[in-house]
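Notes to accompany the following structure.
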Amino acid sequence: MALLQVILFLMLCAVALGWVARHFKFPYPIALVIGGGALGFVPRLPQLEFDPQFLLVLVLPPILYQAALLTSWRDFKANIRPIGLLAIGLVIVTTLAVGATFKFFIADLPWAAAFALGAIVSPPDAVAATAILSRLNIPRRVVKILEGESLVNDASGLVIYKFAVATVLTGAFSLWQASLEFVQVTVGGVVIGFVLGRLFVFIHRYLGDAFIEVLTTLAVPYVVYITAESAHASGVLAVVTAGLVRGRYSPEIVSAEMRIIARSVWNLLVFLLNSLIFILIGVQISGITARLTGYSMAEIFFYGTLVSVVAIGVRFAWVYPATYLPLLWRARRGERVEPPRPGEVFIMSWCGMRGIVSLAAALGLPAVLDDGSAFPERDLIIFLTFVVIAVTLVLQGLTLKPLIRSLRLGTDWSLQEERQRARMALGKAAIAAIDALAVEEDIPDAVAERIRAEFAEKITLSVPSGLVLTQPGSDNAKRLRQAAVWAERQELIRVWRDNQISDEVLHHLEEDLDYQESRI
């Protein structure tokens, strides 16, 4: 009964926070961090007990997997240099800077524990970035770099985090051995993720049932993560790699019915996991602050503010040189370069929202060491992590829109133009398929002309596919529509494979076709 009460409490909190985010029209991660913090002030809330490592395994794989599924491998490769500088170089620098700052103020803290905090707060969050950036008119290249960074930096940050935690637990550290292990877990994670990703792509082709397909996709991130961790490789990198591999093949192997179901299931699952983590931390905040008896509230919030300022400031100090120094080097070599607009670089520097990955990693810190003693300053690390998340999500997340307006970055119309060109290509393919089937099966001209007019209207008005099929029809009309939608889907995959459209346009039009097919 107690467990059911806890589950009911968590669900009610999630519903309430989701309603607040929708009602006030701001990204739900911001509502979660505010609501979670407010829970800490509710008296006599039960202190929920949970296994930190189990929580880490429960939350991280599906969140990272979904982010990888929606990441464009083509855009990722095109921006690999800036993504690498942010996702690896900046994570390392932020870890060192935050760790050194934390160690400076708490001298008796082990260096490894200080660097654990640095690794926890170093990676901006994929879910937070996508939820906030999707609402704003930011130039597409900036969005792709930030989304690619938020995906890969989780992996690099968590690898460093695991090394730091292992050092705290064992008390031993060798730079040479750690470097060798870093390469092993990185390469091992990528290889395992690639192999299992291809294996699940192969299996998926033979499932043939939408519900089994959805259940399989839910199991994939956990299977990949646990397999990689059991092989002493990076489960995070394995999950990210498997997601990228499967995302590359999903347009060809996934049915419309499965995509419609999976889209809702995955969005609900990620929202529930985000809600779970923020509610858990909110429930525990009062207990955590009560155990921090060696520090005053002023000291705690000073440390939290300082760590947040360091994390934000390091990003500015890294992004500007990382953007302009390579351009200066190429210009000195005589190459023609096109520098980004100053506002774009500032927005990239300001987009450092931390989120659920950092919080899950903080909650995943072991409570005790191998010798039975408490993990050094665990409660303080968790509290500071929450402060950093709150500062970056609320301060940076809510100020992005006015900043973009004041910097006059404007609207990127290339996406709309790309969608319009793609819809015209799809409409022409549909009309050609209608004409071919009408001749082949001797369908009356009046029926063929009516269906042809539906799809011609989509070309002239550039309306979404789902708005076309609103009239019932005969079996002949149904067959014509099915042939037209099939032709549109094949044309969509073709123009995507030919690099004529981006993955973002692919997913948008794919969703239109899925709902159109479900209506037939």
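Structural remarks
- For the peptides 144-150, 269-275, 357-363, 70-76, the ranking by mean Cβ contacts within 10 Å, running from highest to lowest, is 357-363, 144-150, 269-275, 70-76.
- Dimensions (Å) - the range 305-375, Cα atoms, principal axes, largest first: 62, 23, 20
- Computed over the range 172-326, the range of Cα coordinates on each principal axis works out to 60, 41, 39 Å, biggest value leading.
- Most positive-pole-ward Cα, GLN184, VAL220, ALA210, against dipole of the range 175-332 from beta carbon charges: GLN184
- A Cβ-based charge dipole, computed about the Cα centre of the chain with Lys and Arg at +1 and Asp and Glu at -1, lands at about 1300 debye.
- Computed magnitude of the charge dipole of the range 231-319 (debye, nearest 20; Cβ of K, R +1, Cβ of D, E -1): 140
- Only helical runs count toward this figure. For the chain, summing -39,500 (n - 2.57) over DSSP H runs of n ≥ 4 and dividing by all residues gives -26000 deg cm²/dmol at 222 nm.
- Longest to shortest principal axis, alpha-carbon extents of the chain, angstrom: 86, 71, 45
- Three-way shape label, the range 197-288, alpha-carbon gyration tensor, a/c 1.5: oblate
- For the chain, the number of Lys pairs separated by eight or more positions or lying on different chains, with C-alpha atoms closer than 21 Å, is 7.
- Estimated inter-spin distance, LEU407 and THR186, nm [label 7 Å along Cα→Cβ]: 2.9
- Remark on the range 136-207: Rg and Dmax equal 17.5, 49 Å (Cα only).
- Net charge, LYS478 excluded, C-beta distance under 13 Å - Lys, Arg +1, Asp, Glu -1: 0
- Modelled spin-label separation between GLU252 and ALA16, with each label point placed 7 Å from Cα along the Cα-to-Cβ direction: 5.0 nm.
- Scattering from the range 289-408 was approximated by placing one identical point on each alpha carbon and applying the Debye formula without solvent; log10 I(q)/I(0) at 0.20, 0.22 1/Å stands at -1.11, -1.22.
- In percent, rounded to a whole number, the relative contact order of the chain is 21, using alpha-carbon pairs under 8 Å and six or more apart.
- Top positive-direction residue, dipole computed over the chain with Cβ charges, set ASN79, GLY243, PHE271: ASN79
- To put it simply, the accessible area of the range 332-431 at a 1.4 Å probe is 54 percent carbon and sulfur.
- Within the range 260-352, the percentage of alpha carbon pairs spaced more than 23 angstrom apart rounds to 60%.
- Contour excess over end-to-end distance, with Cα ends at ALA166 and ASP371 and 0.36 nm allotted per residue: 72.5 nm
- Extension gain from LEU325 to GLU440, taking 0.36 nm per residue of separation minus the Cα-Cα distance: 35.2 nm
- Sorted peptide list for 188-194, 390-396, 316-322, criterion being average Cβ within 10 angstrom, highest first: 188-194, 390-396, 316-322
The values are calculated or read from the model by the stated rules, or taken from the named source; none is laboratory data. Here the structure is a predicted model, which means the values were calculated and not measured. Quick reminder, even Gly has a Cβ in these numbers, built from the backbone with ideal geometry, and neighbours come from all protein chains shown. The area values use the complete protein model at the heavy-atom level, side chains included, leaving out ligands, DNA and RNA. Shrake-Rupley method; radii C 1.70, N 1.55, O 1.52, S 1.80 Å.
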